[in-house]
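The values are calculated or read from the model by the stated rules, or taken from the named source; none is laboratory data. These numbers were taken from a predicted model, which means no experiment stands behind them. So basically every Cβ, Gly included, is an ideal-geometry build from the backbone, and we count neighbours across all protein chains shown.
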Amino acid sequence: MPTLNETPSTVPLWGGWTIDLPLAYYERNEDGSWAAWGEDWAVDVTIIEIGGNAHGHPVLAEELLGPERPVTIAGQGWVGSHHVIEEQDQGAAVFRLTSWLAAINTMCSCWVSVRHRERLGFAESLVLGVTHAPPSAA
């Protein structure tokens, strides 16, 4: 059952990730991913967490992104790579800001879809509203 975010606020995801949302509906999907949507946009999030490399050492954000995803964007607690793809959905154009955000031992796939190219600034503001805070040491 979707939750209504009635006022702009920070919504916790998992693994230390949060997202700032405007008025929107959101929910955790059966497959473990997360989604939010408004009148003319949608965001889909998947988070991956690992314990470290084969030797138990932390994996840096840039390593998780890999060479095919150079750092093109940075936010609070993460660096990332993003680009826009244009697709067709039932005969209408859809613009997707595909973003891969990474911090030590975790990665967040955050895809924001909008119907109009001029809304890509809004899409980027959603991505920049994602934060990562590593779990505090106990």
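Before moving on, here are some points about what is shown:
- Failed item, numbered, when N53 is tested on (1) at pLDDT below 95; (2) within 15 Å of G129 (Cβ to Cβ); (3) touching a helix residue (DSSP H, G or I) at 6+ places or on another chain (Cβ under 9 Å): (2)
- All positions within region 7-39 that are of a type in the set (K, R) and touching a Leu at 6+ places or on another chain (Cβ under 8 Å): none
- Summed over region 88-120, the residues that are at pLDDT below 95, under 17 Å from W37 (Cβ atoms) and either of a type in the set (G, A, S) or in a strand (DSSP E or B) (or both) give a count of 2.
- Within region 32-42, considering residues that are part of a loop (DSSP other than H, G, I, E, B) and modelled with pLDDT of 95 or more, the one surrounded by the most Cβ atoms within 10 Å (Cβ to Cβ): G38
- Any hit, region 64-77, residues being assigned to a strand (DSSP E or B) and either crowded, with 16+ Cβ neighbours inside 10 Å or touching a helix residue (DSSP H, G or I) at 6+ places or on another chain (Cβ under 7 Å) (or both): yes
- Complete set of residues in region 1-24 that are surrounded by 15 or more Cβ atoms within 10 Å (Cβ to Cβ), without any contact (Cβ under 8 Å) to a residue 40 or more places away in the chain and assigned to a strand (DSSP E or B): N5, V11, A24
- Of all residues in region 48-61, exactly one satisfies the criterion of being in contact with a strand residue (DSSP E or B) (Cβ under 7 Å, 6 or more places away or on another chain), over 16 Å from W111 (Cα atoms) and either without any contact (Cβ under 8 Å) to a residue 40 or more places away in the chain or surrounded by fewer than 17 Cβ atoms within 10 Å (Cβ to Cβ) (or both), namely E49.
- Contact map, region 62-87: first residue touching a residue at least 60 places away in the same chain (Cβ under 8 Å), second residue among the small types (G, A, S) and surrounded by fewer than 18 Cβ atoms within 10 Å (Cβ to Cβ), Cβ cut-off under 8 Å, separation 6 or more or different chains; pairs are G77/A133.
- Enumeration of residues in region 121-138 that are of a type outside the set (A, V, I, L, M) and either buried (at least 16 other Cβ atoms within 10 Å of the Cβ) or at pLDDT 95 or above (or both): G121, F122, E124, S125, G129, T131, H132
- Where a residue in region 110-134 is closer than 14 Å to H82 by Cα and its partner, wherever it lies, is β-branched (V, I, T) and in a helix (DSSP H, G or I), with Cβ under 8 Å and at least six apart: C110/V127; V112/V127
- One residue alone among V94, V45 is buried (at least 17 other Cβ atoms within 10 Å of the Cβ) and of a type outside the set (S, T, Y), and that residue is V45.
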